[in-house]
Amino acid sequence: MVAISKAVEVKVEALPKWLKDETESVLQPLNEKYKVIWDRVQERFEDFRENCERLAEEGNKEAERGRAKRKARVTQKLTKFFMKQIRQITFPDQTSFSEIRRFQGTLEGALSLILRERNSWFPRISPLFIIARRRVDFALSKLAKSISELRNFIEDEFSKAKDVEDLLVLSDELQRHLEDQKHLVEREKSVKAKVATIEKKLRDCEQKIASITDHSEVQAHEMIEERTEELRTRMKQEFRRLQKPLTKLSNLWRASSHYLNSEEKEKLEKYLEDPYHALATEEEGYPILKKILRGLRQSTDDGRLKLKSSRLRKALEKIKTILERGGFDTFYGQCVAILSESEEIKMSEEVQMAQMSFRQLQKAADECRRRINANEAKLDPTKKRRTRIQEKIGETKREIRKLTSTILQKEITITP
């Protein structure tokens, strides 16, 4: 039977060190072989540079002697090009896979340019500087061979180093994701704690508001307010047949400045806005309303105010009921009584204090609700970001386990 290897448990905070220690046995032989090839490339690069300098010196000497001037100038120009390419190459201190890969591409690019110029100009120099040219060719050939060896090593064996590099990068990413998750959890806890504190304050405000509204004086005031609203609604219903005619009358009189004085015109506007309060603040017999209604009837009689026949008929019936039959006497008494009772209870010191406390507590409660909503609004993006981070953590762990299995032939379980 084949033994099933047990997965190694690794704590997440210890993962970076564990992976570094475990991959050391993979990287060490690769780094040793790479160093040999790398040193050989540097050595042959330096040898090529020295031979280019010798060729340049011989070209300068021939130019100074005045012999073969044209070929000497070609040699000077060519070696300047070689040296320019050489000076642009700097061997990196870092030896990460990606850095080495980029540098290998730079070397091959420079080598390609040098070979192109060499193949173009060396035949034109011949047979001059034959020994120096052969030395350059020999050094160039050895450099090309070393660069090819470096490329083959990078593409084949050293690709394992890239896997290790990717694995260690993933490990660092996992630590960053976990740190982000920790900050988000702490932020979420902080916001929830603030919300809980504000909610407690809101409950206190609501309890105090309830105790105020339970007070007999305050309840009496609320009952009067309810009765007031009922009567206000009833008065609007009673005025519905007069609303349109009175609105037209108001516009007519506003334009002509006729019939009513300023106080009476103001009263007309109040009847249009709130018939209950306008009637309750009239003198007994509601004389201003009656004067307004007589003016309305007169304006329809002389044709200055025009209404549809059905609307006019209903309005005149209502006017007749009010003017000739005391149609609003009962309502007038009710409105005056309710308004008087309401103002009397409002003047109560106890009610005034309760109302002031109520307003302050209501304002504090509204502010608590606003702050709760504002803080809860912060939770949604935080929760969404934490969900995305959790998904990244799961994905990164899966990639780490997969690479670890490939590189180390070990199955691991990453524990909190």
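Only one of 162, 201, 189 is surrounded by 14 or more Cβ atoms within 10 Å (Cβ to Cβ) and closer than 30 Å to residue 367 by Cβ. Can you tell me which?
When all the criteria are applied, what remains is 201.
So that you can scan it fast, the table gives a plain yes or no per residue for (1) at pLDDT 90 or above; (2) in contact with a strand residue (DSSP E or B) (Cβ under 8 Å, 6 or more places away or on another chain); (3) surrounded by 13 or more Cβ atoms within 10 Å (Cβ to Cβ):
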position	(1), (2), (3)
343	no, no, no
358	no, no, yes
382	no, no, yes
394	yes, no, no
401	yes, yes, yes
Test: residue 147 is in the same structural domain as residue 62 (by TED's automatic domain parsing), part of a helix (DSSP H, G or I), in contact with an Asp or Glu (Cβ under 8 Å, 6 or more places away or on another chain) and farther than 30 Å from residue 400 by Cα: yes
Being assigned by TED's automatic domain parsing to the domain that holds residue 186, touching a Leu at 6+ places or on another chain (Cβ under 6 Å) and either of a type in the set (Lys, Arg) or assigned to a strand (DSSP E or B) (or both) is the requirement here; does residue 371 meet it? no
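For the range 273-306, which positions are small (Gly, Ala, Ser) and surrounded by 15 or more Cβ atoms within 10 Å (Cβ to Cβ)? Steps first, answer last, please.
We begin by selecting, within the range 273-306, every residue small (Gly, Ala, Ser); these are 278, 280, 285, 295, 299, 303.
Matches in the range 273-306: 278, 280, 295, 299.
Hey, does the range 252-266 have a residue that's out of contact with any strand residue (DSSP E or B) (no Cβ under 9 Å at 6 or more places or on another chain), assigned to a loop (DSSP other than H, G, I, E, B) and modelled with pLDDT of 80 or more?
Quick first cut of the range 252-266, residues out of contact with any strand residue (DSSP E or B) (no Cβ under 9 Å at 6 or more places or on another chain) only: 252-266.
Then drop every residue that is not assigned to a loop (DSSP other than H, G, I, E, B), which leaves 257-261.
Now narrow it down to the ones that are modelled with pLDDT of 80 or more: none.
No: zero hits.
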Note on the range 64-100: residues among the charged types (D, E, K, R), part of a helix (DSSP H, G or I), at pLDDT below 80 and under 21 Å from residue 150 (Cα atoms) are 99
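From the list 129, 122, exactly one residue is assigned by TED's automatic domain parsing to the domain that holds residue 22, more than 24 Å from residue 37 (Cβ to Cβ), surrounded by 13 or more Cβ atoms within 10 Å (Cβ to Cβ) and touching a Gly at 6+ places or on another chain (Cβ under 8 Å). Which is it? Give the steps one after another, and end with the answer.
Details: 122 fails: touching a Gly at 6+ places or on another chain (Cβ under 8 Å).
The unique qualifying residue is 129.
Does the range 205-228 hold any residues that are among the hydrophobic types (A, V, I, L, M, F, W, C), modelled with pLDDT of 75 or more and within 20 Å of residue 338 (Cα to Cα), and which are they?
Taking the range 205-228 and keeping what is among the hydrophobic types (A, V, I, L, M, F, W, C), we get 205, 209-210, 212, 218, 220, 223-224.
Restricting the remaining residues to those that are modelled with pLDDT of 75 or more gives 205, 209-210, 223-224.
Answer for the range 205-228, where residues must be among the hydrophobic types (A, V, I, L, M, F, W, C), modelled with pLDDT of 75 or more and within 20 Å of residue 338 (Cα to Cα): 223, 224.
Report, by residue number, each residue of the range 319-331 that is closer than 13 Å to residue 239 by Cα and surrounded by fewer than 18 Cβ atoms within 10 Å (Cβ to Cβ).
Residues of the range 319-331 closer than 13 Å to residue 239 by Cα: 319, 321-322, 327-328, 331.
Of everything in the range 319-331, those that are closer than 13 Å to residue 239 by Cα and surrounded by fewer than 18 Cβ atoms within 10 Å (Cβ to Cβ) turn out to be 321, 327.
The values are calculated or read from the model by the stated rules, or taken from the named source; none is laboratory data. Nothing here was measured: the structure is a model prediction, and the numbers come from that model. A quick note on method: Cβ atoms are made from the backbone with ideal geometry, for glycine too, and the neighbour counts reach across all protein chains shown.
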